[in-house]
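Colleague: Here it is, the structure, as structure tokens.
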Amino acid sequence: MKPWPSPLRVRAGLPYAILALAMLVVVSCTTVAREAESVAPPAASPTSLTEVVAETTVPTASPTAAAIATMTAAPTVAPVLGSLGSPPAESLLTPSPTIAPTVAPAVAASDPTLDKRITRKLDQILRNTVKNQRVAGLQAAVMLPSGETWLGTAGRAEMAPDRPVKDDTQFAIASVSKTFVAALIMQLAEEGKVDLDVPFGTYFADAPRSKAVTLRQLLSHTSGIYNFWENDVYENATRAWYENPNATGLEARDHVWTYEEMMRLVKGGYFKPGADFHYSNTNYVILRRVAEAVEGKPIDMLLRDRFFKPLGLDDTVYQPAQKPRADAAHGHWATATGFMDHTREATVVPFMAAVTAADAAGAIASSARDLATWARALYGGDVLSAHSVAQMTTILKPGLYGLGTDVAYFAGHRAYGHRGGIRGYESSMWYFPDSGVSVVLLSNRGNWITDEPMTNLVKAVLGKG
């Protein structure tokens, strides 16, 4: 791995009028799934705690070619409310709330810079987003190919006591964790320890469809294996996390979920392996066990030794084996009068039950600075071979997803990365291969779409593609 230059922190703070940018958002709905992976509903704030608990989301379906061809600019996404008492579906986000154009846009005419004019824009974007979207706190990073880095923050990491977000504040990053797990599997494949195209039961057999599903199908969510987050038992547990402080067992906030408990919630498959796409956190729970079986070490040690330590990702931890610092950002939902804190006294973020149920599909906590470094190292070719990166970033059919990686466009610029959302957090990490720039946005408010401020950050740095 190449050594990384120490990031140069660039900050500025003058008012700037945020460029209005219509977003291309298409959400094709099939059924409402309380714990399905999806984009969060738009930022219309609930008017009561009851309405907060009633928020939900809808799953996205892969659009047809005709649908893509007939897209128009900036369609609205209507919120869909579930039954009263249901917790919001802040499951680990499925890729692509926006659908990318089929033709790659032009590259920006000049090399990106982080001069004072641009950093003022970036700072103002964060401040305006906190104010206008009613976000508890934001942390962002922009890293240029040279390693020069702007770090920005706005809002609060916690409301009581009142703590601002800092440059090294740790956030739960949810499904962005999948990029680390996918990279681990790809490294094992490069080392000849696994084959992506043989049944995963070759390495770890104690899981559904172990003789039929390949590692590539697990990575790409084409396995058809049931997402245990969609099971009613799991849904009831998540509701109890907020409604019943005296709950026990799976419904307790401090419960440590086991692999066996997760697998007991896995129902029959969605489809024949490879026949379709369905985003399933169960896939990455299984991938963890594959890696551990092959290497004979726990996942936290594998990620630390291969990625966290060599790349200097000092803010990045795999929970709960590794604990975040005590000043990590708490997860929040917006209410009519302020914010509801979900982390409270927990020593992991958002809290133990959520972390352990997320497992390798979304248990990592990190910072924007670390994730900008990670995005550049991963997609820039310093972690994996060019062939492996190409496999990760190639959109597979069926689906609109690669191997642990989403491909999207912001302000007309192609990007590789992932979104994530879990119990009071939303995260967005992207690498722009045409410019070599990484952009990361982390928030500690759940259930809102981060693509608009992400687009504004990208446009400030790269212009309109």
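The values are calculated or read from the model by the stated rules, or taken from the named source; none is laboratory data. Worth saying up front: this structure is predicted, and the values here are computed from it rather than measured. Cβ: placed from backbone, ideal geometry, glycine included. Neighbour counts: every protein chain shown. Quick note on the areas: whole protein, heavy atoms, side chains included, nothing else; ligands and nucleic acids left out. Shrake-Rupley method; radii C 1.70, N 1.55, O 1.52, S 1.80 Å.
Colleague: Return the residues of region 375-385 that are in contact with a helix residue (DSSP H, G or I) (Cβ under 7 Å, 6 or more places away or on another chain) and hydrophobic (A, V, I, L, M, F, W, C); say none if nothing qualifies.
Modeller: Leu378, Val383, Leu384 - these are the residues of region 375-385 that are in contact with a helix residue (DSSP H, G or I) (Cβ under 7 Å, 6 or more places away or on another chain) and hydrophobic (A, V, I, L, M, F, W, C).
Colleague: Could you tell me whether any residue of region 283-291 is open to solvent by 10 Å² or more (accessible area, probe 1.4 Å), under 22 Å from Leu188 (Cβ atoms) and modelled with pLDDT of 95 or more?
Modeller: Taking every residue of region 283-291 in turn, at least one turns out to be open to solvent by 10 Å² or more (accessible area, probe 1.4 Å), under 22 Å from Leu188 (Cβ atoms) and modelled with pLDDT of 95 or more.
Colleague: Let me ask something else about it. How many residues does region 229-254 hold that are farther than 13 Å from Ala354 by Cβ, among the hydrophobic types (A, V, I, L, M, F, W, C) and out of contact with any helix residue (DSSP H, G or I) (no Cβ under 6 Å at 6 or more places or on another chain)?
Modeller: 1
Colleague: Also, quick follow-up: Restricting to region 395-415, count the residues that are modelled with pLDDT of 95 or more, open to solvent by less than 10 Å² (accessible area, probe 1.4 Å) and assigned to a loop (DSSP other than H, G, I, E, B).
Modeller: Count: 4.
Colleague: Just wondering, is there one or more residues in region 437-457 that are of a type in the set (Asp, Glu), surrounded by fewer than 24 Cβ atoms within 10 Å (Cβ to Cβ) and not in a loop (DSSP other than H, G, I, E, B)?
Modeller: Yes, there is a match, as at least one residue in region 437-457 is of a type in the set (Asp, Glu), surrounded by fewer than 24 Cβ atoms within 10 Å (Cβ to Cβ) and not in a loop (DSSP other than H, G, I, E, B).
Colleague: Does Glu426 satisfy the condition of being open to solvent by 10 Å² or more (accessible area, probe 1.4 Å), at negative phi and acidic (Asp, Glu)?
Modeller: no
Colleague: Follow-up question, since we're still on this one. Scanning region 378-394 for residues that are among the small types (Gly, Ala, Ser) and part of a helix (DSSP H, G or I), which turns out surrounded by the most Cβ atoms within 10 Å (Cβ to Cβ)?
Modeller: Here the residue is Ser388.
Colleague: Here is a follow-up. Tell me, yes or no, whether region 151-170 has at least one residue that is touching a strand residue (DSSP E or B) at 6+ places or on another chain (Cβ under 9 Å), closer than 28 Å to Ala390 by Cα, in contact (Cβ under 8 Å) with a residue 40 or more places away in the chain and of a type outside the set (Lys, Arg).
Modeller: no
Colleague: Which of (1) open to solvent by 50 Å² or more (accessible area, probe 1.4 Å); (2) free of Cβ contacts under 8 Å to residues at least 40 places away in the same chain does Pro145 not meet, given it meets every other one?
Modeller: (2)
Colleague: State whether the residues of region 300-307 include one that is modelled with pLDDT of 95 or more and in a strand (DSSP E or B).
Modeller: no
Colleague: Follow-up question, since we're still on this one. Starting from residues that are hydrophobic (A, V, I, L, M, F, W, C), touching a Phe, Trp or Tyr at 6+ places or on another chain (Cβ under 9 Å) and not in a helix (DSSP H, G or I), keep the ones in region 170-213 and report whichever is farthest from Ser366 (Cα to Cα).
Modeller: Val213
Residue-by-condition table, conditions (1) in contact (Cβ under 8 Å) with a residue 24 or more places away in the chain; (2) open to solvent by 20 Å² or more (accessible area, probe 1.4 Å); (3) farther than 28 Å from Phe351 by Cα:
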residue: Gly201; (1), (2), (3): no, yes, yes
residue: Ala205; (1), (2), (3): no, yes, yes
residue: Ala212; (1), (2), (3): yes, yes, yes
residue: Asn231; (1), (2), (3): yes, no, no
residue: Asn236; (1), (2), (3): no, yes, no
residue: Trp257; (1), (2), (3): yes, no, no
residue: Met263; (1), (2), (3): yes, yes, no
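Colleague: Here is a list of conditions, (1) small (Gly, Ala, Ser); (2) in contact with a strand residue (DSSP E or B) (Cβ under 8 Å, 6 or more places away or on another chain); (3) closer than 30 Å to Ile449 by Cβ, and Ala183 meets all of them except one; can you say which number that is?
Modeller: So Ala183 meets the others, but not (2).
Colleague: With basic (Lys, Arg) and within 30 Å of Ala329 (Cα to Cα) as the only criterion, which of Arg216, Arg156 stands out?
Modeller: After ruling out the rest, the residue left standing is Arg156.
Colleague: Any residue at all in region 155-162 that is within 19 Å of the chain's Cα centre (by Cα), farther than 24 Å from Asp276 by Cβ and not polar (S, T, N, Q)?
Modeller: Yes, that holds for at least one residue.
Colleague: Among the residues of region 305-358, how many are touching a residue at least 12 places away in the same chain (Cβ under 8 Å), closer than 30 Å to Met263 by Cα and either surrounded by 21 or more Cβ atoms within 10 Å (Cβ to Cβ) or hydrophobic (A, V, I, L, M, F, W, C) (or both)?
Modeller: Qualifying residue count, region 305-358: 24.
Colleague: Further question on the same structure: Quick check, is Ile395 aliphatic (A, V, I, L, M), without any contact (Cβ under 8 Å) to a residue 24 or more places away in the chain and out of contact with any Lys or Arg (no Cβ under 8 Å at 6 or more places or on another chain)?
Modeller: It is true that Ile395 is aliphatic (A, V, I, L, M), without any contact (Cβ under 8 Å) to a residue 24 or more places away in the chain and out of contact with any Lys or Arg (no Cβ under 8 Å at 6 or more places or on another chain).
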